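Here's the structure, in structure tokens; my notes come after.
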Amino acid sequence: MRALDFGCGVGRLLIPLADRCEEVTGVDISPSMLAETRRNCDAAGARNVKLVRADDALSGVSGSFDFVHSYIVLQHIPVERGERFLAKLTSMLATGGVGIFQVTYESGLSSRSRILYWAKVNVPSANWLLNIARGRKPHAPLMQLNEYSVTRLLDILCKEGCREVYVRFSNHGGARGVLLFARRSDAPVFT
Ligand SMILES: C[S@@+](CC[C@H](N)C(=O)[O-])C[C@H]1O[C@@H](n2cnc3c(N)ncnc32)[C@H](O)[C@@H]1O
């Protein structure tokens, strides 16, 4: 009945969800994405869509959800912050509710690309210089591709009361990832 899409982008998955649910909430950090989503929802006649600008506490999101979803989002968020989002999103699931969370755990980068990526993240101006060297706009932002520990994610899901988790592997242009399907329960995880 109530679904949430975290990192909804322009509403690609939110609009089909709106077709199937009573009420859907799309959350994104980017105001321009949210504006585009609103236009796309209006064009699709999806009137049961609430849009919320994300902050780290997801303070604009209220109530519990039967379905929480996030696809191609957490991989772009630094791991510690992404883990906190996973815990928060899972805590918003109603009993019996299902979350589907996609993350990458292995970037698939060569040793050379790994060093360049590390420099772009950690060395001031490195992203700027490498953008110029590649003929891109100097201030083009770095698209992060973070590697999560699936074990830590399973532990978070466990602590948030998910007794069952199903794992499906996914491939993102060479980066290896997983889709974690988790169901929240009110029974103890360990019996
Ligand atoms: C690659 S797009 C994926 C969009 C959508 N999930 C899809 O599959 O079409 C990633 C989205 O995550 C959003 N995003 C990145 N960091 C975020 C954060 N901290 N909180 C919420 N959304 C975030 C971006 O603004 C962008 O719209």
(request) Determine whether G96 is touching a Lys or Arg at 6+ places or on another chain (Cβ under 9 Å) and in a loop (DSSP other than H, G, I, E, B). (result) no
(request) Name the residue, out of W128, W118, that is open to solvent by 60 Å² or more (accessible area, probe 1.4 Å), in contact with a Pro (Cβ under 8 Å, 6 or more places away or on another chain) and not assigned by TED's automatic domain parsing to the domain that holds F169. (result) W128
(request) Return only the number of the condition from (1) surrounded by fewer than 13 Cβ atoms within 10 Å (Cβ to Cβ); (2) small (G, A, S); (3) in contact with an Asp or Glu (Cβ under 9 Å, 6 or more places away or on another chain) that G174 does not satisfy. (result) (3)
(request) Among the residues of segment 1-60, write down those that are under 16 Å from L74 (Cα atoms), near the ligand (Cβ under 9 Å from one of its atoms) and assigned to a loop (DSSP other than H, G, I, E, B). (result) G7, C8, G9, L13, I29, S30, A54, D55, D56, L58
(request) Select from segment 74-91 the residues that are open to solvent by 20 Å² or more (accessible area, probe 1.4 Å), near the ligand (Cβ under 9 Å from one of its atoms) and not basic (K, R) and list them in ascending order. (result) H76, I77
(request) Return yes when C162 is of a type outside the set (S, T, N, Q), open to solvent by less than 70 Å² (accessible area, probe 1.4 Å) and touching a helix residue (DSSP H, G or I) at 6+ places or on another chain (Cβ under 9 Å) and no when it is not. (result) yes
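The values are calculated or read from the model by the stated rules, or taken from the named source; none is laboratory data. Keep in mind that this is a model prediction, so the values were computed, not measured. Because the Cβ atoms are built from the backbone with ideal geometry, glycine has one as well, and the counts that use them run over all protein chains shown. Quick note on the areas: whole protein, heavy atoms, side chains included, nothing else; ligands and nucleic acids left out. Shrake-Rupley method; radii C 1.70, N 1.55, O 1.52, S 1.80 Å.
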